[in-house]
1. Modelling each spin label as a point 7 Å along the Cα-to-Cβ direction, I'd like the Ala175/Thr100 distance in nm, to one decimal.
2. Taking only DSSP H segments of four or more residues, each worth -39500 (n - 2.57), what value at 222 nm results for the chain once the sum is divided by all its residues, to the nearest 500 deg cm²/dmol?
3. Given a 10 angstrom Cα cut-off, can you work out which residue in Leu160, Leu138, Leu177 is the most mobile in a GNM of the chain?
4. Run the Debye formula on the Cα coordinates of the range 94-189, all scatterers equal and no solvent, and tell me log10 I(q)/I(0) at q = 0.12, 0.15, 0.21 1/Å.
5. What's the long-distance tail for the range 60-102, i.e. % of Cα pairs beyond 11 Å?
6. May I ask for the distance between the Cα centers of the range 1-78 and the range 171-189, given as a whole number of Å?
7. Would you mind ranking Arg187, Arg11 so that the residue whose beta carbon has the fewest other beta carbons within 10 Å leads the list?
8. So for the range 66-144, what are the equivalent ellipsoid semi-axes in whole Å, largest first, each being the square root of 5 times an eigenvalue of the Cα gyration tensor?
Amino acid sequence: MDTHEAHARGRAEFEQRLRQITDADWDRTTPCDGWTVRDLVHHVVGGNRMTVVVLEGGSAEDASAMFGRTELSDDPIADFVGAADAVDAAFRAPGVLDQTVHHPAGDMPATQLHGFRIGDYTLHAWDLARAIDADDALDPELVAAVWEAVAPMEPFIGQLGMFGEGPSGTVGEDAPLQDRLVDLTGRRG
């Protein structure tokens, strides 16, 4: 599966759970330490808006400022759709994946940033499903694509500060790949 297909599938996984949120769900806790459902959705929307800034040539400072200004309106689904449409278009712009972007985490190839967005959608779809008691089964091909991107970080992933403590060491290699991915990225079922 190419990265554009993976991006579309990741977006669909997240959006499917987002559309299941009820008014009573917004303050529920998520598997992301200290985040509510609202915080999680804010993170994804803000990440998309920040990505557009850097893909269009903005600096790391511009991107951080954009993220800092991101607020969810009274219609978070519309906020997500608008930001997701904008990031989809930005990643499909001619030559964009050939550039280096100036992300707050450091300069990186746009292809790496694309991978970050795919992983963000996919993993946060699982987080959101868990928070709202929805089906957390993810597209197996998408899980495999994200696993391939993240698995090489296993020896140090827990030190990055964005994946909890990393793998627990309790999920065997014979476990379903989704369970292994969730565990690798510091999520505990």
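Taken together, the values in this text are just the output of simple stated rules run on the coordinates, not laboratory data. All values derive from a computational prediction rather than experimental measurement. Neighbour counts run over all protein chains shown; Cβ positions are idealised from the backbone, glycine included.
1. Between Ala175 and Thr100, the label points sit 3.8 nm apart.
2. On the way: 7 runs with 104 residues, N = 189.
Helix contribution divided over all residues of the chain: -18000 deg cm²/dmol.
3. Highest fluctuation among the options: Leu160.
4. -0.42, -0.64, -1.12
5. Details: 657 of 903 pairs.
So the portion of pairs separated by more than 11 Å is 73 percent.
6. Measuring centre to centre over Cα atoms gives 23 Å.
7. Numbers: Arg187 19, Arg11 24.
Fewest to most other Cβ atoms nearby, the residues stand as Arg187, Arg11.
8. Working: eigenvalues 118, 67, 30 Å².
Working from the Cα gyration tensor, I get semi-axes of 24, 18, 12 Å.
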